[in-house]
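A.B. asks: Supplied in structure tokens, the structure appears directly below.
The values are calculated or read from the model by the stated rules, or taken from the named source; none is laboratory data. Source: prediction; values computed, not measured. Please note: Cβ atoms are built from the backbone with ideal geometry, for glycine as well, and neighbour counts cover all protein chains shown. These area figures cover heavy atoms from the full protein model, side chains too; ligands, DNA and RNA do not enter into them. Shrake-Rupley method; radii C 1.70, N 1.55, O 1.52, S 1.80 Å.
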Amino acid sequence: QVQLVESGGGLVQPGGSLRLSCAASGSIFSINAMGWYRQAPGKQRELVARIISGGSTNYADSVKGRFTISRDNAKNTVYLQMNSLKPEDTAVYYCNADLRVRVGVRIQGYWGQGTQVTVSS
């Protein structure tokens, strides 16, 4: 079984910063990519940032220059440093990992339980 456990959400004022963490554990052979998605009330879940095993990253246009995704491969952990937060960043943030549980099987996607980020004065 695979678990993704997120931490670091909370309430922050506009212009502030938060750092999210997501640790993957369990039966994991290899992780191809990890990323962060978010879902605001009444909206669809959207990609925020993603990082693949080689280190390449991609970001939603709305967060470029403000958010930074990084990964510790040894710890199977992904981070999202969020700076200059805006009220429109308010959402539940979900961690995602595309991984293989053993050699030879196909890559599958797994999700964390989500962590609330609220940007408000």
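A.B. asks: Among what's in region 97-121 and is hydrophobic (A, V, I, L, M, F, W, C) and open to solvent by less than 30 Å² (accessible area, probe 1.4 Å), pick the residue that is farthest from the chain's Cα centre (by Cα).
C.D. replies: Just the residues of region 97-121 that are hydrophobic (A, V, I, L, M, F, W, C), to begin with: 97, 99, 101, 103, 105, 107, 111, 117, 119.
Keeping just the survivors that are open to solvent by less than 30 Å² (accessible area, probe 1.4 Å) gives 97, 99, 117, 119.
Values: A97: 9, L99: 15, V117: 12, V119: 17 Å.
The residue in question is V119.
A.B. asks: Only residues that are more than 12 Å from V117 (Cα to Cα), under 14 Å from the mean Cα position of the chain (by Cα) and surrounded by fewer than 17 Cβ atoms within 10 Å (Cβ to Cβ): list them for region 4-20, please.
C.D. replies: V5
A.B. asks: Quick check on region 50-73: of everything there that is in a loop (DSSP other than H, G, I, E, B) and in contact (Cβ under 8 Å) with a residue 24 or more places away in the chain, which residue is nearest to L99 (Cα to Cα)?
C.D. replies: V63
A.B. asks: Applying the selection to region 35-53, what residues are farther than 20 Å from Q108 by Cβ and either of a type in the set (S, T, Y) or surrounded by fewer than 15 Cβ atoms within 10 Å (Cβ to Cβ) (or both)?
C.D. replies: Q39, A40, P41, G42, K43, Q44, E46
A.B. asks: Regarding Y94, is this residue closer than 16 Å to L4 by Cα, surrounded by 15 or more Cβ atoms within 10 Å (Cβ to Cβ) and under 11 Å from the mean Cα position of the chain (by Cα)?
C.D. replies: Details: closer than 16 Å to L4 by Cα: yes; surrounded by 15 or more Cβ atoms within 10 Å (Cβ to Cβ): yes; under 11 Å from the mean Cα position of the chain (by Cα): yes.
Yes, satisfied.
Yes/no matrix, rows are residues, columns are (1) on the phi > 0 side of the Ramachandran plot; (2) more than 11 Å from the chain's Cα centre (by Cα):
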site	(1), (2)
G26	yes, yes
Y37	no, no
A40	no, yes
G55	yes, yes
D61	no, yes
N76	yes, yes
P87	no, yes
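A.B. asks: Which of the residues that make up region 66-91 are among the aliphatic types (A, V, I, L, M) and open to solvent by less than 30 Å² (accessible area, probe 1.4 Å)?
C.D. replies: Selection gives I69, V78, L80, M82, L85, A91.
A.B. asks: Hey, another quick one. Tell me yes or no: at least one residue of region 36-49 is in contact (Cβ under 8 Å) with a residue 40 or more places away in the chain, over 20 Å from Q113 (Cα atoms) and of a type outside the set (A, V, I, L, M, F, W, C).
C.D. replies: no
A.B. asks: Residue pairs, Cβ under 7 Å, 6 or more apart or interchain, first in region 100-112 and within 13 Å of N32 (Cα to Cα), second assigned to a strand (DSSP E or B) and open to solvent by 70 Å² or more (accessible area, probe 1.4 Å). List them.
C.D. replies: Listed by first residue and then by second, the contacts come to I107/R100.
A.B. asks: Against the conditions (1) surrounded by 20 or more Cβ atoms within 10 Å (Cβ to Cβ); (2) within 17 Å of G8 (Cα to Cα), where does V63 fall short? Just the number, please.
C.D. replies: The single condition V63 does not satisfy is (2).
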